[in-house]
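Inspection log for the structure reproduced underneath, given as structure tokens.
Since every read-out is calculated from the coordinates, none of them should be taken as a lab result. Small disclaimer: the values here were computed from a predicted structure and weren't measured. Here the Cβ is made from the backbone with ideal geometry for all residues, glycine too, and neighbour counts use every protein chain on show.
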Amino acid sequence: MKNPFQYGGVVTGDAFCNRVQELNDLMRAMENSDKLFVYSERRFGKTSLIRQTFEKLPQQEFVKAYVDLWPTDAETSFVTTVAKSIAESMSTTTDKLLETAKTPFSRLSPTVTVDDEGKPRMTFGINKDFDLEIELEQVLSVPAKLADKSKKNVVVVFDEFQQILEYGNDTVERRLRSIIQNQIDVSYIFLGSRKHLIQKMFLDKSRPLYRAGGHYPIGPIAVKHWFPFLKKKFLDSDRLIQDTQIQKICELTEGHPFYTQHLRHALWELCEPATPVTEEMINSALDILLERESYAYTNLWESLAKNQRRFLKGLASEPVGVKPFAADFVSRFELGSASNAQRAAEALLEKDVIDRENASFVIVDRFFRIWIQKTHLV
Ligand SMILES: Nc1ncnc2c1ncn2[C@@H]1O[C@H](COP(=O)(O)OP(=O)(O)OP(=O)(O)O)[C@@H](O)[C@H]1O
Ligand SMILES: [Mg+2]
């Protein structure tokens, strides 16, 4: 029997838990042609949520373009990636795809191939006379033209949007700012991790996209939403779990979708059909996962300066939301001064070990938090 708990990739259908409110809010945003920055910590389920939202939007009323910017590293690949996604969202057959792409993207010499699953795939050749400003302008003007011609709602999602910070200049950001202001019939959704997207692009006055649209943070999945999902998955596979145990699993990983699912996956592997889950099994599942990571965690720990370790110990031993620059925290965890604590926090943020959360910080990797508790807080 297949393990019902998936972690890592995009989850859809039965494997997707709740997010009812978020789905509704995003659907409304897309219907209203809103421009929205959607952000969360890493692996909170942004991509899965957007895929799920797309599934719900009726095909006859929406053109939905999903642009994954992860593989792009410069403006040129941005242009071709966007063109490809828009063309593919407009048509599903090979002939039609080429036809669709011919006019708006003619300067990019489109060709169509068929992939292993029989789906048409678009590729572009870059001409000698490729002019970035012109191509960018052209490609990004297509969604508005499409909305006008098709009379459908057009939605463009940029996933891993923080990738444009790697391009070396802000041409794309500047161009997008004017698009956001002028394309009133197209919805643009920008997905990214909090640190990059929000701190660097949206809240920095000197950046072109400073407060250019609405913003929508995605939180963890609440225990009350995990409950029915988890119960059903255990019951359907003839495994018996108690409510207090579900509660414990969610608390261990603070409802973080990826780590919570990962832990359940490991736990489910230890369960026999028709046998109750025990406390020991939850602990063993956790130990297995920590054991797998222990080499990496030890290396990471050893690479950190003394005050950074002390800061992490403090975060790991205190409830979420603790104020780590307060005198009490600073003295209990021997940080010397608030400015020492601040320097440690800055360094850990830079390394992506922690992230900001409501005037406090969280340890990004929830298993690393537990590892610190078990290994360094005795
Ligand atoms: N609604 C959900 N129901 C069940 N599991 C979920 C849900 N959302 C996220 N997950 C879990 O989190 C993992 C990561 O999801 P996803 O890739 O959608 O997140 P992401 O925020 O796009 O991640 P990244 O920051 O890496 O782009 C999934 O593989 C799954 O284990
Ligand atoms: Mg993602």
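In table form, for the structure just shown:
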{"item": "Evaluation of F361 against (1) free of Cβ contacts under 8 Å to residues at least 40 places away in the same chain; (2) not in a loop (DSSP other than H, G, I, E, B); (3) not aliphatic (A, V, I, L, M) (one fails), failing number", "result": "(1)"}
{"item": "Selected residue (criterion: nearest to ligand 1 (Cβ to nearest atom)) from residues of region 4-46 that are small (G, A, S) and over 25 Å from E173 (Cβ atoms)", "result": "G45"}
{"item": "Top-ranked residue of region 271-311 - restricted to ones that are farther than 15 Å from K233 by Cα and assigned to a loop (DSSP other than H, G, I, E, B), ranked as nearest to the chain's Cα centre (by Cα)", "result": "L304"}
{"item": "Subset of region 47-62 [near ligand 1 (Cβ under 10 Å from one of its atoms) and out of contact with any Asp or Glu (no Cβ under 8 Å at 6 or more places or on another chain)]", "result": "S48, R51, Q52"}
{"item": "Failed condition for K205, given (1) more than 16 Å from ligand 2 (Cβ to nearest atom); (2) part of a helix (DSSP H, G or I); (3) out of contact with any strand residue (DSSP E or B) (no Cβ under 6 Å at 6 or more places or on another chain); (4) over 30 Å from L270 (Cβ atoms)", "result": "(2)"}
{"item": "Candidates T123, T113, T103 - the one that is of a type in the set (S, T, N, Q) and touching a Lys or Arg at 6+ places or on another chain (Cβ under 6 Å)", "result": "T113"}
{"item": "Residue that is within 30 Å of I164 (Cα to Cα), of a type in the set (F, W, Y) and part of a strand (DSSP E or B), where the choices are Y216, Y259, Y210", "result": "Y216"}
{"item": "Residue count for region 272-287, restricted to those that are touching a strand residue (DSSP E or B) at 6+ places or on another chain (Cβ under 9 Å) and surrounded by fewer than 16 Cβ atoms within 10 Å (Cβ to Cβ)", "result": "3"}
{"item": "Enumeration of residues in region 319-358 that are without any contact (Cβ under 8 Å) to a residue 24 or more places away in the chain and out of contact with any helix residue (DSSP H, G or I) (no Cβ under 9 Å at 6 or more places or on another chain)", "result": "P319, D328, S331, S339, Q342, E346, E350"}
{"item": "Top-ranked residue in region 228-270 [being more than 28 Å from the chain's Cα centre (by Cα) and of a type in the set (A, V, I, L, M, F, W, C); ranked as surrounded by the fewest Cβ atoms within 10 Å (Cβ to Cβ)]", "result": "L235"}
{"item": "Count of residues meeting criterion [more than 16 Å from ligand 2 (Cβ to nearest atom) and under 20 Å from R207 (Cα atoms)] in region 126-164", "result": "4"}
{"item": "Sole residue being crowded, with 17+ Cβ neighbours inside 10 Å and in contact (Cβ under 8 Å) with a residue 24 or more places away in the chain, chosen from L290, L315, L300", "result": "L315"}
{"item": "Filtered residues of region 38-59 (kept if in contact with a Ser or Thr (Cβ under 7 Å, 6 or more places away or on another chain) and within 9 Å of ligand 2 (Cβ to nearest atom))", "result": "R42, K46, S48"}
{"item": "Residues of region 1-21 classified as within 14 Å of ligand 2 (Cβ to nearest atom) and in a helix (DSSP H, G or I), total", "result": "0"}
{"item": "Residue, nearest to Y297 (Cα to Cα), within region 312-357, restricted to residues that are among the polar types (S, T, N, Q) and in a helix (DSSP H, G or I)", "result": "S317"}
{"item": "Unmet requirement for Q163, which otherwise passes all of (1) within 16 Å of ligand 1 (Cβ to nearest atom); (2) closer than 26 Å to S89 by Cα; (3) touching a helix residue (DSSP H, G or I) at 6+ places or on another chain (Cβ under 8 Å); (4) of a type outside the set (A, V, I, L, M, F, W, C)", "result": "(3)"}
{"item": "Some residue of region 215-223 being more than 16 Å from ligand 2 (Cβ to nearest atom) and buried (at least 21 other Cβ atoms within 10 Å of the Cβ)", "result": "no"}
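Results for (1) assigned to a loop (DSSP other than H, G, I, E, B); (2) farther than 17 Å from R28 by Cβ; (3) in contact (Cβ under 8 Å) with a residue 60 or more places away in the chain, shown as yes or no for each residue.
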{"site": "R51", "(1), (2), (3)": "no, yes, no"}
{"site": "P58", "(1), (2), (3)": "yes, no, no"}
{"site": "D73", "(1), (2), (3)": "yes, yes, yes"}
{"site": "T80", "(1), (2), (3)": "no, yes, no"}
